[in-house]
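Pasting in a structure now, in structure tokens, and then I'll have a few things to ask.
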Amino acid sequence: MLDKFRNFGRKSNSLLGVDISSSSVKIVKLSNSGGRYKLDNYVIRPLPAQSVVEKNISDINAVGEAIAGAVSVMKPSIKDAAVAVAGSAVITKTIEMNAALSDAELENQIIVEADQYIPYPLDEVAIDFERQDLSERSEDLVEVLLAACRKENVDSRVMALEIGGLETRVVDIEAYAIERAFSLLSEQIEAEESQTAAIIDIGSTMTTLNVMMDGRTIYTREQMFGGNQLVDDVIRRFGLTAAEAEVAIKRGGLPEEYEVELLLPFKDSVVQQVSQTLQFFFSSSHYNEVDHIVLAGGVAAIPGLDELVQEHLSTSVLVANPFRDLQVGSKVNKTLLRNDAPALLIATGLAMRGAN
């Protein structure tokens, strides 16, 4: 593989899925027995504030130390890992090329022609490609999916994993990881052919919409909104630290006025954001509705949020749990998993790269 090309899409065996979000590092380990996935273990470690900003790593050492902490807790038997860059950091384009070319020949030709498709100097980008189906225009042509990302986005993740004691084998794209994990959810929502499913991942600072049809992403969008709004409200109202506020929100113990004064208004804000996010999709496509909504991310675990969204949008809503139908290992705390599962979609999709 040439230096300009990095592992956006290469297959590997037995990988830890490492999701680096703005508030935490999540590591998932899966195994596969008889064609069925098993959740062996997972660990979530918080990140210091501002160490990841808008999905860009700003403090590599802090992220690396969090990964090292997660690894020391998990004690995995493997060190190979898959990590992802945000879709907003990646340029993807489908091009047509001579179907008779080998992968090595495709690679050489893409490098020669890459400046036609990529608006950055080639020495600043990591590039990868994947051969797709034959062109509908001619069986002599093959569609090739080209992916390019600034090297700094890839290298910062590789370096953080290295500090954490892991070796990066695959650098994926978050949308593709979600696609893979969605295969574990599609039966739960009973999605029929050509139906649309909107996966709305609400993290601590960012909300990401991925609209799926027939198992493929047809639309993606990111916008600034997340659970930190509720955390900040709790900090101001009750004089807690950020860590204390996050624990109290997850596990309870806040004064009675919390629910009426803070939680209910925040849930209303989430509903508005979900509606607004979908409106962006409708206005930029020929769709005016989706058939299913899947809530993911840490915010999705808030009790009753799914019912509120379903009531306001008149669309069936599922809280993402990719492990619902999987065997779960003895190391996993099943009570904590129920709360954490919606936030593990990307890490799960990454781990699935190595559990085939």
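For segment 56-68, which residues satisfy the criterion of being part of a helix (DSSP H, G or I) and either in contact (Cβ under 8 Å) with a residue 40 or more places away in the chain or over 21 Å from the mean Cα position of the chain (by Cα) (or both)?
60, 61, 63, 64, 65, 66, 67, 68
Which condition number does residue 102 fail, the rest of (1) free of Cβ contacts under 8 Å to residues at least 12 places away in the same chain; (2) within 17 Å of residue 168 (Cα to Cα) being met?
For residue 102, the exception is condition (2).
Within segment 14-70, can you find the residues that are open to solvent by 20 Å² or more (accessible area, probe 1.4 Å) and among the β-branched types (Val, Ile, Thr)?
44, 53, 57, 60
For segment 129-151, what are the residues that are of a type outside the set (A, V, I, L, M) and under 19 Å from the mean Cα position of the chain (by Cα)?
149, 150
Do we find that residue 177 is closer than 30 Å to residue 150 by Cα, in contact with a strand residue (DSSP E or B) (Cβ under 6 Å, 6 or more places away or on another chain) and touching a residue at least 40 places away in the same chain (Cβ under 8 Å) in this structure?
yes
Report, ordered by the first and then the second residue, all pairs with beta carbons closer than 9 Å, sequence separation of six or more or different chains, a first member in segment 235-257 that is at positive phi, and a second member that is surrounded by 10 or more Cβ atoms within 10 Å (Cβ to Cβ).
Between residues of segment 235-257 that are at positive phi and residues that are surrounded by 10 or more Cβ atoms within 10 Å (Cβ to Cβ), the close pairs are 253/247.
When segment 185-207 is examined, which residues are found to be open to solvent by 30 Å² or more (accessible area, probe 1.4 Å), more than 23 Å from residue 225 (Cα to Cα) and touching a strand residue (DSSP E or B) at 6+ places or on another chain (Cβ under 8 Å)?
Across segment 185-207, the qualifying residues are 186, 191, 194, 195.
In segment 131-161, how many are of a type outside the set (Val, Ile, Thr) and in a strand (DSSP E or B)?
Number of matching residues: 12.
Quick one: in segment 82-113, which of the residues that are among the β-branched types (Val, Ile, Thr) and assigned to a helix (DSSP H, G or I) is least open to solvent (accessible area, probe 1.4 Å)?
110
For segment 245-254, indicate whether the set of residues that are farther than 28 Å from residue 347 by Cα, of a type outside the set (Lys, Arg) and open to solvent by 50 Å² or more (accessible area, probe 1.4 Å) is non-empty.
Looking through segment 245-254, at least one residue is farther than 28 Å from residue 347 by Cα, of a type outside the set (Lys, Arg) and open to solvent by 50 Å² or more (accessible area, probe 1.4 Å).
Could you check, for segment 114-122, whether at least one of its residues is touching a strand residue (DSSP E or B) at 6+ places or on another chain (Cβ under 9 Å), at pLDDT 85 or above and either outside any helix (DSSP H, G or I) or within 15 Å of residue 144 (Cα to Cα) (or both)?
No.
Within segment 298-335, work out how many residues are outside any loop (DSSP other than H, G, I, E, B), open to solvent by 40 Å² or more (accessible area, probe 1.4 Å) and touching a residue at least 60 places away in the same chain (Cβ under 8 Å).
Qualifying residue count for the region: 3.
List the pairs whose first member sits in segment 137-153 and is free of Cβ contacts under 8 Å to residues at least 24 places away in the same chain, whose second member is open to solvent by less than 40 Å² (accessible area, probe 1.4 Å) and not small (Gly, Ala, Ser), and whose Cβ atoms are under 6 Å apart, counting only residues at least 6 apart or on separate chains?
That search, which allows pairs on different chains as well, returns nothing.
Further, regarding this structure: With touching a residue at least 12 places away in the same chain (Cβ under 8 Å), in a helix (DSSP H, G or I) and surrounded by fewer than 20 Cβ atoms within 10 Å (Cβ to Cβ) as the only criterion, which of 338, 353 stands out?
Step by step, each of 338, 353 is checked, and only 338 is touching a residue at least 12 places away in the same chain (Cβ under 8 Å), in a helix (DSSP H, G or I) and surrounded by fewer than 20 Cβ atoms within 10 Å (Cβ to Cβ).
Of everything in segment 71-81, what is outside any loop (DSSP other than H, G, I, E, B), open to solvent by 40 Å² or more (accessible area, probe 1.4 Å) and in contact with a strand residue (DSSP E or B) (Cβ under 7 Å, 6 or more places away or on another chain)? Give them in sequence order.
73, 80
Quick grid of which residues meet (1) open to solvent by less than 20 Å² (accessible area, probe 1.4 Å); (2) over 24 Å from residue 178 (Cβ atoms); (3) out of contact with any Cys (no Cβ under 8 Å at 6 or more places or on another chain):
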{"position": "209", "(1), (2), (3)": "yes, no, yes"}
{"position": "214", "(1), (2), (3)": "no, no, yes"}
{"position": "219", "(1), (2), (3)": "no, no, yes"}
{"position": "224", "(1), (2), (3)": "no, no, yes"}
{"position": "228", "(1), (2), (3)": "no, no, yes"}
{"position": "242", "(1), (2), (3)": "no, yes, yes"}
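Give the residues of segment 282-297 that are closer than 22 Å to residue 21 by Cβ and in a strand (DSSP E or B), sorted by residue number.
293, 294, 295, 296
Can you list the strands (runs of 3 or more DSSP E) lying wholly within segment 162-259 that have 3 or more residues being of a type in the set (S, T, N, Q)?
Hits in segment 162-259: 206-213, 216-224.
The values are calculated or read from the model by the stated rules, or taken from the named source; none is laboratory data. Just so it is clear, the structure is predicted and the values come from calculations on it, not from any experiment. Methodologically, a virtual Cβ is constructed for each residue, glycine included, from the backbone with ideal geometry; neighbour enumeration extends over all protein chains shown. Protein only, heavy atoms only, side chains kept; ligands, DNA and RNA dropped before computing areas. Shrake-Rupley method; radii C 1.70, N 1.55, O 1.52, S 1.80 Å.
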